[in-house]
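The values are calculated or read from the model by the stated rules, or taken from the named source; none is laboratory data. The model shown is predicted, which means the values in this text are computed figures rather than measured ones. All Cβ positions, glycine included, derive from the backbone under ideal geometry; neighbour counts span all protein chains shown.
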Amino acid sequence: LDLGRFKQAIEEALRGRLWEPPSREGRPYLYTGLIYQVLSASSGKKELDEYLKIIVNKLFNRGVGHLEGEPYSGAFMLELGMIQEFKKQAEKVVNYLNPLGEVVVLDPITYRLLTTTFAENFGLKVNVRMYHELLNEKPDFLGCKLGGKCCGGHLYFLAPTIALSMSKEVGFKKGKVICPLGWLNLRRVSEVEILGA
Amino acid sequence: LELNELLKLAEEWARREEVYELIKNANVRSEERIIKIKERFKEIESMRREVIEIKERVIANLDYWVEEAKRGLEAKGFQVHFAENAEDARRKFKEIVGDNKVMASKSLTAWEVGINEFENVFETDIGMFILSILKDSPVHNTAPAIHLSRRDALNALKKIGVEVESDDPKDLVRAIASYLREKYCETEYGMVGANAVATEGAVVNVEGEGNVRLVASLSKTLIVVGGIEKIVPTVVDAVKTSLIQAAFAGRYPIQINVIAGPTATSDIERILVRGAQGPHEVHMILIDNGRRRVVNTSLKEFLKCVRCGRCLLNCPVWQRFPKWGEVYRGPMGIGWNGIVKGREAMIVQQSLCTRCEKCKEVCPMEINIVGSFERAMLEA
């Protein structure tokens, strides 16, 4: 685990080229928030990329719209104390997403960021759904952002020993999760797969 | 602390699995007690709601209530001192006590401003006493030495030459109580904290050990240290606020101590004599230290905190890193360090928050801890 690589991945995500959002077509759009790109700082990059491809294809087959050149959500910038940069990014994300009506996200961290931090502080108004709702599949482990136990994934990069201890405490041995970060953390102690992949 | 230092410290603590086990077990015991208390004493729920309303009313007009408190306390014979910041509070404390030994009951506010660092301050709370021997710092509002084992307590007592039969907690407590009992009479100075300060002219404290009453009764000069957020309008409000703190810390009913100025008697010819068997002088140091600065920010939410410490016990991060936070620990400590240490301290401390919001689920004051500190970070 490398905090430096994690920060670097965030900075790269911030530099990503922002495209114009498509015009609203009355369907949900997949907003990844580039979470998989940021998490690629971990050793699980190859597997994460594979999982992402499978999930994304399933969602596109169900009519979810594609967002080319979407902005990075700003996930973990607050935790890292990048406050001013986060505020700028949040405004960018909200302006980008608000015209879309409904977005589908791939992880509970982006879900919470949009539905809580952005909705309460930056005026985000789009409807936000977790991807598994569209796939009609149920995860075996929800995670704390969706009302379940805290698996520690949130601290995977910042405090790996705390994250590991929390993953053990969950007592989850085998099954499907919906959070790539939860997957990264829980795979250290359990047999886990990302739901839909 | 810088972020890197905090993360390093977090990793060190997380490797101490025995500490996590101690805290986890304590949390289970505490949670069981709180559930039973809430089931048995149905009035707690309505009282809790009432205390939220009282706190919000005071915080909305804090300057006014500070003046009211000053007036009410002085009318009851308190000598009121207002401390703008930590240094001011330490200076006022030193002016009152000089180099005299001061018997102190646990006060996180005194800890916040550094009063406990004076060599003449002698801790009487059992947890704080053990910590003071080990030169360690408190990790929790109501259970300051929760990260220490009975073995640690035994070793601490050995350091000061106190004989104990075994490391059974009963033996340890008896030995400490017996050791402390002799110390109370060595000085005429005492210091207590404040669970609540009534503008009608009284300070209310709840306690389990009996040391608050001993300090408050045996001192001739008593100093009360309290943050201005502890102010509530009436004595009844103060009792309710204190009881809620106790109930959600897992103790109810509990001993209550009400200090209403210097002691007095009119037993001889009904002539009032101030200064009877208890304190002859009572000083109240009302501490601001950043509190008024935040009343128009999102951090004002934290001023409602009654310091029961339940959010810490329920926090998966604090359970593994009990020294998470420089002065105030854990989830409530993020906001509180923002108040008393400043924005940067808050920004560093929150980096370890998983945003699981387990803290919000258990807070009796319904403080939206994560939402409030995130909003506060975005406000500047």
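Brief remarks on what is shown
- Some residue of the stretch A:18-28 being modelled with pLDDT of 90 or more, at negative phi and assigned to a helix (DSSP H, G or I): no
- Contact annotation: residue pairs with Cβ atoms under 7 Å, 6 or more positions apart or on different chains, pairing a residue in the stretch B:171-196 that is under 17 Å from B:S107 (Cα atoms) with a partner that is exposed (fewer than 14 other Cβ atoms within 10 Å of the Cβ), are B:Y189/B:N100.
- Scanning the stretch B:60-71 for residues that are within 22 Å of B:A110 (Cβ to Cβ) and either out of contact with any strand residue (DSSP E or B) (no Cβ under 6 Å at 6 or more places or on another chain) or of a type in the set (F, W, Y) (or both) yields B:L62, B:W65, B:V66.
- Listed here are the helices (runs of 4 or more DSSP H) enclosed by the stretch B:275-354 that have at least 3 residues being within 14 Å of chain A (Cβ to nearest Cβ): B:316-320, B:330-340, B:343-350.
- Tally, over the stretch A:152-196, of residues that are facing another protein chain (nearest Cβ under 9 Å), in a helix (DSSP H, G or I) and small (G, A, S): 3
- All of A:F118, A:F86 fail the test of being assigned to a helix (DSSP H, G or I) and at the interface with chain B (Cβ under 10 Å from one of its Cβ atoms), apart from A:F86.
- Residue count for the stretch A:37-71, restricted to those that are within 19 Å of A:N127 (Cα to Cα) and in contact with a Lys or Arg (Cβ under 9 Å, 6 or more places away or on another chain): 4
- A single entry from B:E68, B:E117, B:E95 fulfils the requirement of being among the charged types (D, E, K, R) and modelled with pLDDT under 95: B:E117.
- The C-beta contact set for the stretch A:161-172 (first residue farther than 12 Å from A:S190 by Cβ, second residue among the β-branched types (V, I, T) and at pLDDT 95 or above, distance under 7 angstrom, 6+ apart or interchain) comprises A:I162/B:V317.
For every residue, the table says whether it meets (1) part of a loop (DSSP other than H, G, I, E, B); (2) over 14 Å from the mean Cα position of the chain (by Cα); (3) at pLDDT below 95.
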| residue | (1), (2), (3) |
| --- | --- |
| A:P99 | no, yes, yes |
| A:V104 | no, no, no |
| A:T110 | no, no, no |
| A:G123 | yes, yes, no |
| A:R129 | no, no, no |
| A:P139 | yes, yes, yes |
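- For the stretch B:302-317, a residue qualifies if it is under 18 Å from the mean Cα position of the chain (by Cα) and in contact (Cβ under 8 Å) with a residue 60 or more places away in the chain, and the qualifying residues are B:F302, B:L303, B:K304, B:C305, B:V306, B:R307, B:C308, B:G309, B:R310, B:L312, B:L313.
- Enumeration of residues in the stretch A:89-112 that are hydroxyl-bearing (S, T, Y) and away from chain B (no Cβ under 14 Å): A:Y96
- Residue in the stretch B:185-216 that is farthest from B:N116 (Cα to Cα), counting only those that are touching a helix residue (DSSP H, G or I) at 6+ places or on another chain (Cβ under 6 Å) and of a type in the set (V, I, T): B:T199
- Check on B:L352, over 22 Å from A:M77 (Cα atoms) and hydrophobic (A, V, I, L, M, F, W, C): no
- Selection from the stretch B:1-46 of residues that are out of contact with any Phe, Trp or Tyr (no Cβ under 9 Å at 6 or more places or on another chain) and among the hydrophobic types (A, V, I, L, M, F, W, C): B:L1, B:L3, B:L7, B:L22, B:A26, B:V28, B:I35
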